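Data first, discussion second: the structure below is written as structure tokens.
Please treat every number below as a calculation from the coordinates, not as lab data. In this text, all values refer to a predicted model and were calculated from it rather than measured experimentally. Note: ideal-geometry Cβ built from the backbone for every residue, glycine included; neighbour counts use all protein chains shown.
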Amino acid sequence: MVIEIKDICKSFKVEKENYKALDHVSYDFHSGMIYGLTGRNGSGKTMLLKAILGLIKTDSGQILFNGEELERPESAGAIIENPGFLSEYTGFKNLKLLSMLTGKVDNEGIRKAILKCGLDPDSKKKVAAYSMGMRQRLGLAQAIMEDPELLLLDEPFSGLDEKGLQEMYELCDEMRRQGKLIIIASHSKEDIETLCDTVLHMQSGRLELTEKAEAAG
């Protein structure tokens, strides 16, 4: 998969002033790579991920998936902001309900995704009793359960302990070797330095290449 971002812009009115969330952003993302997005809150990281997913419509510019302009990518998994689940159901039940929206994954696929993320698919514990780290693991399981070509992860490892971090790093590395395209937005220097092949920095809606990104290509 290749995602071509071509000069996209997105503005909002904030207290009668024009706020540029994305300001002429251009970049090409390629399969088999993990890209890191850094930047302060409000810099445009989450907005860029939402634009790629088709959750917001840009004011101008193009986003092409393998050369085609689509409303949204055909094969994508995502964690955008805090994963939302029904607290009265188990983790498996939550993912089962979500899977019914697309019909792309069966019970066995859901179970495998939950296991890969370090949770027990047979657990009767309700999500209401989950720790923050367990919720993050379930969010990652949701993102990968349909075996997508593209993963967009916004602060995916918050709340994980050291063991959990290492397990999720290994999972992301495995998916990179499978040829997935992964974009991670994170404030964590450790996440970015450990996982990412290319690092991009966002500031005031603009995308800037870091030294690592320039060296990579």
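Label-to-label distance for Glu174 and Ser75 is 1.8 nm, based on points extended 7 Å past Cα in the beta-carbon direction.
About the centre of its Cα atoms, the chain shows a dipole size close to 760 debye [charges on the beta carbon of Lys, Arg (+1) and Asp, Glu (-1) only; nearest 20 debye].
Structural descriptor for the chain: relative contact order 30 percent, calculated from alpha carbon pairs under 8 angstrom and at least 6 residues apart. For the chain, no complete DSSP H run has alpha carbons reaching 24 Å or more along its own long axis together with a mean Kyte-Doolittle score of -1.0 or higher. Please list, short to long, the whole-number percent of alpha-carbon pairs of the range 91-217 in consecutive 5 angstrom bins beginning at zero. Each 5 Å bin holds this share of Cα pairs: 2, 10, 19, 21, 19, 13, 9, 5, 2, 0. Rounded to two decimals, the Cα radius of gyration of the range 78-149 over 2.2 N^0.38 Å is 0.97. If both residues of a DSSP beta bridge must be in the chain, then about 55% of such bridges are antiparallel. Please report, to two decimal places, log10 I(q)/I(0) for the range 6-97 at q = 0.18, 0.26 Å⁻¹ as given by the Debye formula with identical point scatterers on the Cα atoms and no solvent. With one equal scatterer per Cα and no solvent, log10 I(q)/I(0) is -0.95, -1.48. With no solvent and one point per C-alpha, what does the Debye sum give as log10 I(q)/I(0) for the chain at q = 0.07, 0.12, 0.14 Å⁻¹? Log10 I(q)/I(0), no solvent term: -0.22, -0.64, -0.86. A protection proxy built from the mean count of other Cβ atoms within 10 Å ranks the segments 134-144, 80-90, 98-108, most packed first, as 134-144, 80-90, 98-108. Over the range 18-67, the Kirkwood radius and the radius of gyration, each from Cα atoms, give a ratio Rg/Rh of 0.94.
Maximal additional length on extending the Lys104-Tyr19 stretch stands at 26.8 nm, based on 0.36 nm per residue less the C-alpha distance.
Using only helices, what value at 222 nm comes out for the chain when you add -39,500 (n - 2.57) per DSSP H run of length 4 or more and divide by the total residues, to the nearest 500 deg cm²/dmol?
Details: 7 runs with 70 residues, N = 217.
Theoretical 222 nm ellipticity from helices: -9500 deg cm²/dmol.
Hey, got the dipole for the range 90-217? About the Cα centre, +1 on K and R Cβ, -1 on D and E Cβ, debye to the nearest 20?
So the dipole magnitude of the range 90-217 works out to roughly 740 debye.
Give the Rg/Rh ratio for the range 161-204, taking Rg as the radius of gyration of the Cα atoms and Rh as the Kirkwood radius, to two decimals. Result for the range 161-204 is an Rg/Rh of 0.99. Computed from the C-beta positions of Leu55 and Ser123, the FRET efficiency with R₀ = 35 Å rounds to 0.70.
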